[in-house]
1. Could you please give the count of residues in segment 23-42 that are open to solvent by 30 Å² or more (accessible area, probe 1.4 Å), part of a strand (DSSP E or B) and closer than 21 Å to His536 by Cβ?
2. Would you point out the residue of segment 116-136, among those that are assigned to a helix (DSSP H, G or I) and within 16 Å of ligand 4 (Cβ to nearest atom), that is farthest from Asp356 (Cα to Cα)?
3. Checking the condition under 16 Å from Ala417 (Cα atoms), over 21 Å from the mean Cα position of the chain (by Cα) and open to solvent by less than 10 Å² (accessible area, probe 1.4 Å), which residue from Met126, Met67 passes?
4. Of the residues that make up segment 593-603, is at least one within 13 Å of ligand 1 (Cβ to nearest atom), in contact (Cβ under 8 Å) with a residue 24 or more places away in the chain and among the hydrophobic types (A, V, I, L, M, F, W, C)?
5. Which fully enclosed helices (runs of 4 or more DSSP H) of segment 411-507 have 2 or more residues being open to solvent by 10 Å² or more (accessible area, probe 1.4 Å), under 30 Å from Val158 (Cα atoms) and in contact (Cβ under 8 Å) with a residue 60 or more places away in the chain?
6. Between a residue in segment 244-262 that is in the same structural domain as Val321 (by TED's automatic domain parsing) and any residue that is surrounded by fewer than 16 Cβ atoms within 10 Å (Cβ to Cβ) and at pLDDT 95 or above, which pairs come within a Cβ distance under 7 Å, given they are 6 or more apart or on different chains?
7. Please find, among Pro334, Pro341, the residue that is in a loop (DSSP other than H, G, I, E, B), closer than 27 Å to Val554 by Cβ and either open to solvent by less than 50 Å² (accessible area, probe 1.4 Å) or free of Cβ contacts under 8 Å to residues at least 24 places away in the same chain (or both).
8. Hey, does segment 225-245 have a residue that's within 30 Å of Pro37 (Cα to Cα) and either within 16 Å of ligand 4 (Cβ to nearest atom) or open to solvent by less than 10 Å² (accessible area, probe 1.4 Å) (or both)?
Amino acid sequence: MTAQPITHSTQCTLCESHCGILVTVTDGAVARIAGNPDDVLSKGYICPKATAMGGVHEDPDRLRQPMKRVGDSFEPVSWEQAYTEIGRRLRKVRADHGNRALGLYVGNPAAHSSAVMYFGMLRAMMLTPNFFSASTIDQMPHEYSSWRTYGSNFLLPVTDIDRTDRLVILGANPAVSNSSLSIMPGATRRIKDVRARGGKVVVIDPRHTETAQLADQHVAVRPGGDIFLLLAMLNVLFTEDLVDRKWLNDNASGTMELRALVSRATPEVMGERAGVDPDLIRSLAREHAAAESAAMYARIGICQQQTGTLVSWLVAVVNAVTGNLDRPGGIMFPTPVIDIPRFTKFIPAAHGAWTDRSGRYKAFRSELPAVVMADEILTPGPGQIRAMITVAGNPVSSIPHAGRLDDAMKTLDLYVAVDMYVTETTRHADFILPPVSPLEREEVAFFTTLFTVRNSLRMQRRAFQPPADAMEDWQILVQLVLELLPNPLRALFPAPVRNLLMRLGDPNRILAVGMALGPYGRLRKGRNAITVKKLHEARGGIDLGPLVPRLKEVIATKDRRVALAPAEFVEATLDQLAKPISGPDAEFDLRLLGRRQLRSNNSWLHNLPRMTSGQNRCNALLNSDDAAQRGLADGDLLLVTSKVGKIQVPLRIDDGIRPGSVVIPHGWGHQATGWQHASTLPGENVNDLHDPAQVDPFTGTAAVNDTWVKVSRAD
Ligand SMILES: Nc1nc2c(c(=O)[nH]1)N[C@H]1C(S)=C(S)[C@@H](COP(=O)(O)OP(=O)(O)OC[C@H]3O[C@@H](n4cnc5c(=O)[nH]c(N)nc54)[C@H](O)[C@@H]3O)O[C@H]1N2
Ligand SMILES: Nc1nc2c(c(=O)[nH]1)N[C@H]1C(S)=C(S)[C@@H](COP(=O)(O)OP(=O)(O)OC[C@H]3O[C@@H](n4cnc5c(=O)[nH]c(N)nc54)[C@H](O)[C@@H]3O)O[C@H]1N2
Ligand code: SF4
Ligand SMILES: [Mo]
């Protein structure tokens, strides 16, 4: 007999949007996943990836118990055995070689569960400077520029898309990605709404993207030309006196220095460097200033450049000088249930607290860039990493390392992976500790509330009860923390005490306390407070209203003003202006750019046949003129060569690509993994083409949009 279907209201946690979903379960299996129309933020929207929540849950290749390496394969072991052996070996590495011999890499999905609240603890317990994360292939330039401009790397203003009159998108493709660090599920509808209410949408991107197709105007900037475009816009804003002087007087410092810096960056001088017509630059500046409200939203297209931090800063500056920082319809700071933005002045950025062993990179927010991980593991000498833990990350696939990280992971004395799959990275592990599936978690998605375009609180509910001995990420992290305690202390935590700790350390409990003390909590709102209980009762989360101006309250600089012209940024900009732009040479004549795909999520959804059906999607897009010049035709297998590597991918002609560029997605090439379906798919890892030494100098973030390549037919 078929059981009655039960529908659970929960969230898709695959990307930052955390769209509300309704999961219908029949006979213990996912029968349907649909958008939740009651979700206060996503309002019924889901993208094609949502069904992957069911796909991952049911994937036979998803690990459901701890695995231990035995020779060349893995065998299941009990949690207890795994922790005991890992603990013994971790402590031995530490005793023999010191704290620096331990390393930790945290990947993207860790931000999408309560694990985010616990890896700081693991990091503190490891006491190692060797902490890495996906942030240094992603948003670190935004964080660094925020640190200098607003005084804290946590002050990342979001785009008030639902109220803006002018939306300018720079280096992002939210129609596919649904955006990031400005959480706007159903970005396509929101972008269309800007136009429907009479506003204007501009996309600045070398490629005529899916988002550009929704816009009023597309500006095909030269890759890496953003810095010159923005400097010229600022030149126009100052020379034509279009800046908001009152706002600047009240809120900013460094206006004179900024004005001096841009004084010679006229659209005529900058236009060629930016690859944008000077009159067009003028109109971009004038319209940004004239709009009732305007928001420039920039994301990873500009982070993954050598000028990433500078561009991120100049975007903030364009918004600020036109009076659009902290204004409805501009860019604003959210008010989450635990008011982290308000307390950022007390959270140190730990800049330069240590460096990597070569001394090239300074730590920032207590982290070193992931591009040095391979060196820190492979280069012999004091402080060499000998034991690694990775949590929810696939750095062999996601980080440029010129083929070295794959080898490096094999050489470790101990490698522990917290992950549910045997990936390009975790295949080298000694132990793989798998958390529950995303449909087995019940928690408040606190992290996302820091970046939502409307204040809100939503939660994830279990669609399935986890098996009796299953562990959540946070529990695995707490166990690893306990295993790292030195011997006499560890004895204070026998199994019953650990179990008690696990109950008390439940993230939902911690959050309930944090919320009670926060802006919507009991202490301030009494009986009208937002509580976890009320959240449980709400089917689609709780709307906490539009973003409110709060710059004065949150700004963390010493003089409590927005620093428009930090000295090191001014100096680095002058250097950029003085040197020739990076151009094609006789050999490497195409600029390699990345792209995201609707049915792909970085490196890890390709094992689901529903996400990968159809043709080889790891292909190179090239303009028809560029293809014709090289005698190439659609469907040809291309050999793409850079200074550090080669890959082979099929060619697809696409006239939306700016002449002189080639566009290839990341996250492919799973041939030697435990993903049985994904390992049969064609596709190669585009990060094999990127030089790990090519970075944004402030943060060490990999500048994967700055690589030059050549292409030829493979045969
Ligand atoms: N060339 C190039 N490279 C890029 C990018 C690019 O644009 N171009 N983009 C970069 C960006 S923005 C990012 S964020 C990074 C991502 O880089 P990473 O975070 O290193 O890699 P992911 O592909 O997200 O891999 C996620 C891993 O987490 C596992 N996982 C999934 N869910 C969970 C969970 O709930 N718990 C645990 N423990 N594990 C889980 C998956 O099995 C997978 O192995 O890569 C990027 N690399
Ligand atoms: N479907 C899907 N959605 C995702 C992900 C996914 O893998 N798949 N990943 C998620 C993650 S981890 C993140 S961080 C977000 C990222 O979300 P987005 O920031 O929107 O990332 P992309 O879609 O890669 O868009 C980057 C854009 O920058 C452009 N670009 C490249 N070089 C330059 C340049 O020099 N100047 C300018 N102005 N533009 C340039 C590229 O052409 C591309 O259109 O997406 C998230 N959402
Ligand atoms: S945009 Fe797609 S992947 Fe992201 S949360 Fe929503 S449904 Fe999931
Ligand atoms: Mo990302």
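The values are calculated or read from the model by the stated rules, or taken from the named source; none is laboratory data. Note that the structure is predicted; figures quoted are calculated from it, not measured. Don't worry about glycine lacking a Cβ; one is built from the backbone with ideal geometry, like all the others, and counts go over all protein chains shown. Quick note on the areas: whole protein, heavy atoms, side chains included, nothing else; ligands and nucleic acids left out. Shrake-Rupley method; radii C 1.70, N 1.55, O 1.52, S 1.80 Å.
1. 0
2. Of segment 116-136, the ones assigned to a helix (DSSP H, G or I) are 116-117, 119-126, 134-136.
Then keep just the ones that are within 16 Å of ligand 4 (Cβ to nearest atom); that gives 116, 134-136.
Details: Val116: 24, Ala134: 17, Ser135: 17, Thr136: 14 Å.
Among them, the one singled out is Val116.
3. Numbers: Met67 fails: open to solvent by less than 10 Å² (accessible area, probe 1.4 Å).
The match here is Met126.
4. First, pick out the residues of segment 593-603 that are within 13 Å of ligand 1 (Cβ to nearest atom): 593-597, 600-603.
Retained after the next criterion (residues that are in contact (Cβ under 8 Å) with a residue 24 or more places away in the chain): 593-597, 600-603.
Keeping just the survivors that are among the hydrophobic types (A, V, I, L, M, F, W, C) gives 593.
Taking every residue of segment 593-603 in turn, at least one turns out to be within 13 Å of ligand 1 (Cβ to nearest atom), in contact (Cβ under 8 Å) with a residue 24 or more places away in the chain and among the hydrophobic types (A, V, I, L, M, F, W, C).
5. Details: elements: 446-449, 473-483, 487-490, 495-504.
It comes to 446-449, 473-483.
6. Ser253/Asp559
7. Details: Pro341 fails: in a loop (DSSP other than H, G, I, E, B).
Only one candidate qualifies: Pro334.
8. First pass over segment 225-245, keeping only residues within 30 Å of Pro37 (Cα to Cα): none.
No: zero hits.
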